[in-house]
1. Between residue 122 and residue 270, what length comes free when the chain is fully extended (0.36 nm per residue of separation minus the Cα-Cα distance, one decimal in nm)?
2. Send over the per residue convex hull volume for the chain, Cα only, as a whole number of Å³.
3. In degrees, nearest 10, range 0 to 90: what is the angle between the Cα axis of helix 6-30 and the longest Cα principal axis of the chain?
4. By its C-alpha gyration tensor, with a ≥ b ≥ c as the square roots of the eigenvalues, how is region 6-112 shaped: rounded for a/c under 1.5, else prolate for a/b larger than b/c, else oblate?
5. Under the rule of -39500 (n - 2.57) per DSSP H run of 4 or more residues, summed and divided by the residues of the chain, what mean residue ellipticity at 222 nm is obtained, to the nearest 500 deg cm²/dmol?
6. I'd like the FRET efficiency for residue 185 and residue 6, computed as 1/(1 + (r/R0)^6) with the beta carbon distance as r and R0 of 51 Å, rounded to 0.05.
7. Listing 195, 99 from the residue with the fewest other Cβ atoms within 10 Å to the one with the most, what is the order?
8. How many angstrom lie between the Cα centre of region 225-259 and the Cα centre of region 152-210?
């Protein structure tokens, strides 16, 4: 078990923030007119990736010291100027000043996320993927196939909504992203992504098409990404899930531990 202190949490939150930054940058490249933008603030950053984007939140605040009233006011101005309600991703190891300010400014709790961690250096035996599932990294010209496969898993529909396809696309094109497809009997069965930042590999966007569930697809995708993370020189692997979800169960079965649970805080409309 890895003890989660401020130094570990800071690395995880930094990697998570940079994943969002790279998503916003990719979104801007893919959709001219989105005007994605990022503002450094409070030791972290506020990210905007287009109207209503799930990445529209301030991340990493308070991980390197106190947060000031001016910092939180800047976050509010940033999002309101873009027509968005301010949101702050709150790590429980952030400086206590952040929570105090969020309470003072009337922020409310919107939900929780589980941050799960695996120390790659502590894996003593090589992981062996299932012989029934073939996992390969995806070339740039397979973007449409990867996007459709992952969207089919999330939507549970053969023809996923265009909005979901558009939501997934920036992840594939994000800087430092390595994307994977899992194949069963010659058919694409699922997919997932790994993004690397300063020795931390974040695994995300993993799904399995309904017809291929309970056949080891997610386990095979996790094994493949762990092998890729080790080859990339990473010492930590991270997954962020909904608490108590099947995704959390899957990664915990492989040895990931719950590092902490963080809260999404939402500011008043104006």
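1. Details: separation 148, 0.36 × 148 = 53.28 nm, distance 4.78 nm.
Residue separation times 0.36 nm, minus the Cα-Cα distance, leaves 48.5 nm.
2. 123
3. 80
4. Numbers: a/c = 2.06, a/b = 1.39, b/c = 1.48.
In terms of gyration-tensor shape, oblate.
5. Numbers: 7 runs with 94 residues, N = 270.
Computed mean residue ellipticity for the chain: -11000 deg cm²/dmol.
6. Details: r = 47 Å, r/R0 = 0.93.
For R0 = 51 Å, the calculated efficiency reads 0.60.
7. 99, 195
8. With region 225-259 and region 152-210 each reduced to a Cα centre, they are spaced 15 Å.
Every read-out reported here was derived from the displayed coordinates using simple, explicitly stated rules and does not represent laboratory data. Given the structure is predicted, the values throughout are model-derived calculations rather than measurements. Heads up, the Cβs are rebuilt from the backbone with ideal geometry, glycines too, and the neighbour counts pull from every protein chain shown.
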